[in-house]
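Below is one structure, written out as structure tokens; the observations come after it.
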Number of protein chains: 4
Amino acid sequence: MAAVTEFLNRNKGNIIYLDQHVDRQEKLFYMRVEWELDGFVIPREKIAEYFGTLVAGRFDITFWLHFSDKPPRMAVFVSKLSHCLFDIVARYTAGEWDVEIPLIISNHEKLAPVAQRFGIDFEYLPITKENKAEQEQKELQLLKDYDIDFVVLARYMQVLSDDFVKHYPNKIINIHHSFLPAFAGAKPYHAAHARGVKIIGATSHYVTPELDAGPIIAQDVARISHIDTVNSLMRKGRDLEKIILSEAVYKHLERKILVYNNRTVVFN
Amino acid sequence: MAAVTEFLNRNKGNIIYLDQHVDRQEKLFYMRVEWELDGFVIPREKIAEYFGTLVAGRFDITFWLHFSDKPPRMAVFVSKLSHCLFDIVARYTAGEWDVEIPLIISNHEKLAPVAQRFGIDFEYLPITKENKAEQEQKELQLLKDYDIDFVVLARYMQVLSDDFVKHYPNKIINIHHSFLPAFAGAKPYHAAHARGVKIIGATSHYVTPELDAGPIIAQDVARISHIDTVNSLMRKGRDLEKIILSEAVYKHLERKILVYNNRTVVFN
Amino acid sequence: MAAVTEFLNRNKGNIIYLDQHVDRQEKLFYMRVEWELDGFVIPREKIAEYFGTLVAGRFDITFWLHFSDKPPRMAVFVSKLSHCLFDIVARYTAGEWDVEIPLIISNHEKLAPVAQRFGIDFEYLPITKENKAEQEQKELQLLKDYDIDFVVLARYMQVLSDDFVKHYPNKIINIHHSFLPAFAGAKPYHAAHARGVKIIGATSHYVTPELDAGPIIAQDVARISHIDTVNSLMRKGRDLEKIILSEAVYKHLERKILVYNNRTVVFN
Amino acid sequence: MAAVTEFLNRNKGNIIYLDQHVDRQEKLFYMRVEWELDGFVIPREKIAEYFGTLVAGRFDITFWLHFSDKPPRMAVFVSKLSHCLFDIVARYTAGEWDVEIPLIISNHEKLAPVAQRFGIDFEYLPITKENKAEQEQKELQLLKDYDIDFVVLARYMQVLSDDFVKHYPNKIINIHHSFLPAFAGAKPYHAAHARGVKIIGATSHYVTPELDAGPIIAQDVARISHIDTVNSLMRKGRDLEKIILSEAVYKHLERKILVYNNRTVVFN
């Protein structure tokens, strides 16, 4: 930490955020630092090189450098359920997030009017067993064409192929409608009701090739009782899902998530 | 419901509690009614017979009849951890619960002084693979000798045999230190830490032959973060465990739990 | 309860929901019953009269009769903040609620585009000290013209006059951005931050002439810490506000809220 | 921060914990650092002097130095309710906390047997309007005689005088049975029931001369409904009270609480 702060101080970088975490078990040190470029001695295009040579190289540090004046570009994948999509575009429209959302991709046509209402391009790419590989190629091309930085699966009811996932490591955020690792896979509310749990949950996580097993970003829960039906679980769950998916998007946009060993450090 | 309330009204039983639940999916009706015996026309030893003939038989009702003037007798099984036991005896000593606790059974000697401090008999029955069947027989004999109605496993670190469990159907309450069905089995805090969840939980449930799969009575959760270690999960989890185990005991003592199809109806 | 269920049974009304609550302290009995009109002997326009004479009159019952085939009509009042409004129109558009929302009224023009996007009429009625009484008259006229049944204040930053409130008793739902009764009045997040609380909240309630003192319908909370600023409280609070306001609207639409003595019974 | 860590590094102090917080609004920097004395160059009795001169003096730092090899000594004040006391002595007996508890003071005799059971001295000092000043002098003398570092009010139903409080600034921890600042003062559960809130709470805080207005350390809440009576609020509240009081004691013992401007920084 001393080396990093010294590097910034020496080059007249005014630190405006600093947080760190020591994982004694894994013997790892995590750090997130934000500073102003006004008056910083090193030109922006040289920062990565200088920091890499003078600091990261000496201490075996893996680092990511982001500039906050260019908002990241995000694509949303949806199917038929609108609650997560509405929550996202509402925040986007209200200017809550520093992001660009130029593209919505869906395997159903149902939510096209939502996209239209908010002036976002909508691409309809229905998926069957037969055309899946082909359609995913089109999706990847679209993401490239739109210069997309990361993808949000807003209750997108298709499993992405390993190949697709590998194009966006720790850059695809999914919402799973259960308290993972409980009830991974299909129909978690039905499973929760059948098991008779007294609390349900929702989990946002980065997508990895293994289904519902990626690094968890955020989780939330709601109390239920014997009075609840599968339908009322779905109703209550929708609120958990949209809030905790948007929380994950927010933390991702703030670049406050570090991933290591399938677990996340999420800074405040 | 009309038949039950009519039966009570006609025989001058003053209803002081009534709650009901309709499970439309299972097509079941659950009901709990409490009334005063003062002035009730039917003598207490005849109530079950009359109700059985005049009401239950007509409507295919399964019923349990309890008299609240005789507190149930409870045995506590423990190993080395004291927090759940302390929570139980503290409530017992304070008179919070309408219960008798004459017996504590343990496979370790460590908590004998706690039992002694609170004037409760303590039986030390260490368990090995070889002597398990034999020791369980002694435990069952003790439960019989002490006229025990139900058993609470307060972080008892032994799996009860199927045979033992069958002697006390829906009468053995366990606390599992995870949010079931996530992390069933051994070392749930280690598993939760390894998976990187953001919320931990505890679950109290009736014991059935299948491990950690019995009807859930109550669950609680606590938020954690990347800062937490396995040790801090254990520390935070202890509070969840003791509160949610005692909640289950309280509901059991109030006879507010009905079990059907491995799920519970827990009345308010 | 027997009298009500008997009245329905005798007239061939198939009960599909029944919940009740006894308040022993106030000596009050609350009940909500829902039945099908198919096959019901009494014609719909005569139900209130017959029930009033044959049941309510005999037992000193106050009752409300609603028909679920006509969705209630709701108006939303807003100012500049969009999160609650978006949450409401998203649910409306998705068909989550059985309601008509023909009208949005605002003292600012800012959210007109949201109304337009969702095809809802938007009336701009700016309020000053001088014109308040006059503008409220126009609002009341609009509510009448649009045949509005109840009003939702979705972060509407004007205090309604007593006169206005009296036109819609228990029919105006407000969201207050604190855990009432803590931090009633203006700037609750600033007050919460200054006091150094560790949990913030939001409260939805019916509006009464006394500010922030009406019957509470729903409340929710979020944990915070010393790291939080007033801005982060606002950010976290927005999620609480929109969810708990919509929860109140949902319960109101389901007619599951009964008000007595400035408190609510909210059925499941 | 650099100055502090440099001071420790230069003198061979192995840092095992470091956390910091910047309050931009108040322009304050908070820091907590823990290091090993093995191999530390400065002798323990000189650390405060050297640190004061070489670091604190230069940067206008207020600092506290604690040695963790001497557990703090704590006194518990109680009245008639036992749940918080039991929770404290259970943790103490289990060795959960690094503390000595040699003394319990009470204005009632009721809990003397609890103290006796756990081998803790019990002093009975009944308080009336007339003898209050005199009895508080005796209490202060007892705290001195027992070499007490801090005091925990475990549902002690007497208001301490300003004079008493001033002897132990930020060293008296109280539990208030409401979600402060809501329902300060007497009978908060009655007040919560009368107001019809949907969530109740408990608050642990340092005692200051102004009643229930000291710096908040921890808060917790529980959902309630119209079904709850004042008695059931008390029952549910007891669990909140004991857990959140013990949480405050734990953080105090860990010296993880810093107080400034009537607010707390509570490190993880």
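The values are calculated or read from the model by the stated rules, or taken from the named source; none is laboratory data. As the structure is a prediction and not an experimental result, all values here were calculated from the model. Note that we place each Cβ from the backbone using ideal geometry, even for glycine, and neighbour counts take in every protein chain shown. Just the protein is used for accessible areas: all its heavy atoms, side chains included, with ligands, DNA and RNA removed. Shrake-Rupley method; radii C 1.70, N 1.55, O 1.52, S 1.80 Å.
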Tabulated pairs, segment D:25-50, first more than 22 Å from A:Val22 (Cα to Cα), second part of a helix (DSSP H, G or I) and at pLDDT 95 or above, C-beta under 6 angstrom, 6+ apart or interchain: D:Ile42/D:Tyr50
Close pairs (6 angstrom Cβ cut-off, 6 or more residues apart or separate chains): facing chain A (nearest Cβ under 10 Å) in segment B:226-237, part of a helix (DSSP H, G or I) and not hydrophobic (A, V, I, L, M, F, W, C) anywhere: B:Val230/B:Tyr189; B:Val230/B:His190; B:Val230/B:His193
Residue in segment B:164-172 that is at pLDDT 95 or above, farther than 27 Å from B:Gly201 by Cβ and among the β-branched types (Val, Ile, Thr) present: no
Residue match in segment C:19-34 (condition: under 24 Å from B:Met1 (Cα atoms), assigned to a loop (DSSP other than H, G, I, E, B) and not assigned by TED's automatic domain parsing to the domain that holds C:Leu140): yes
Tally of residues being among the basic types (Lys, Arg) and more than 14 Å from chain A (Cβ to nearest Cβ) across segment C:111-131: 1
Selection within segment D:83-115 - in contact with a Pro (Cβ under 6 Å, 6 or more places away or on another chain) and either closer than 16 Å to D:Ile148 by Cα or not in a loop (DSSP other than H, G, I, E, B) (or both): D:Asp98, D:Val99, D:Glu100
Tally of residues being assigned to a helix (DSSP H, G or I) and open to solvent by 40 Å² or more (accessible area, probe 1.4 Å) across segment B:147-170: 4
Unique residue being surrounded by fewer than 16 Cβ atoms within 10 Å (Cβ to Cβ) and under 22 Å from B:Gly95 (Cα atoms) when the list is D:Lys110, D:Lys138, D:Lys144: D:Lys110
Subset of segment A:247-268 (residues that are part of a helix (DSSP H, G or I) and either aliphatic (A, V, I, L, M) or more than 9 Å from every other protein chain (Cβ to nearest Cβ) (or both)): A:Ala248, A:Val249, A:Lys251, A:His252, A:Leu253
Residue under evaluation D:Ile15, criteria (1) at pLDDT 95 or above; (2) hydrophobic (A, V, I, L, M, F, W, C); (3) not assigned by TED's automatic domain parsing to the domain that holds D:Lys110, criterion not met: (1)
Candidates A:Ala218, A:Ala202 - the one that is at pLDDT 95 or above, in contact with a Lys or Arg (Cβ under 7 Å, 6 or more places away or on another chain) and not in a helix (DSSP H, G or I): A:Ala218
Criterion: out of contact with any Ser or Thr (no Cβ under 7 Å at 6 or more places or on another chain) and at positive phi - qualifying residue of D:Lys187, D:Lys242: D:Lys187
Residues of segment C:176-188 classified as away from chain D (no Cβ under 13 Å) and crowded, with 21+ Cβ neighbours inside 10 Å, total: 1
So D:Leu211, is it more than 8 Å from chain C (Cβ to nearest Cβ) and either modelled with pLDDT under 95 or assigned to a helix (DSSP H, G or I) (or both): yes
Set B:Asp228, B:Asp239: member being assigned by TED's automatic domain parsing to the domain that holds B:Met157, closer than 18 Å to D:Ile243 by Cα and either in contact with a Pro (Cβ under 6 Å, 6 or more places away or on another chain) or at pLDDT 95 or above (or both): B:Asp239
Matching residues in segment B:1-18 - criterion: being of a type in the set (A, V, I, L, M), outside any strand (DSSP E or B) and open to solvent by 50 Å² or more (accessible area, probe 1.4 Å): B:Met1, B:Ala2
Test for C:Leu103: is it among the hydrophobic types (A, V, I, L, M, F, W, C) and away from chain A (no Cβ under 14 Å): yes
Exclusive hit being more than 27 Å from C:Lys256 (Cβ to Cβ), at the interface with chain C (Cβ under 9 Å from one of its Cβ atoms) and crowded, with 22+ Cβ neighbours inside 10 Å, set D:Ile217, D:Ile173, D:Ile244: D:Ile217
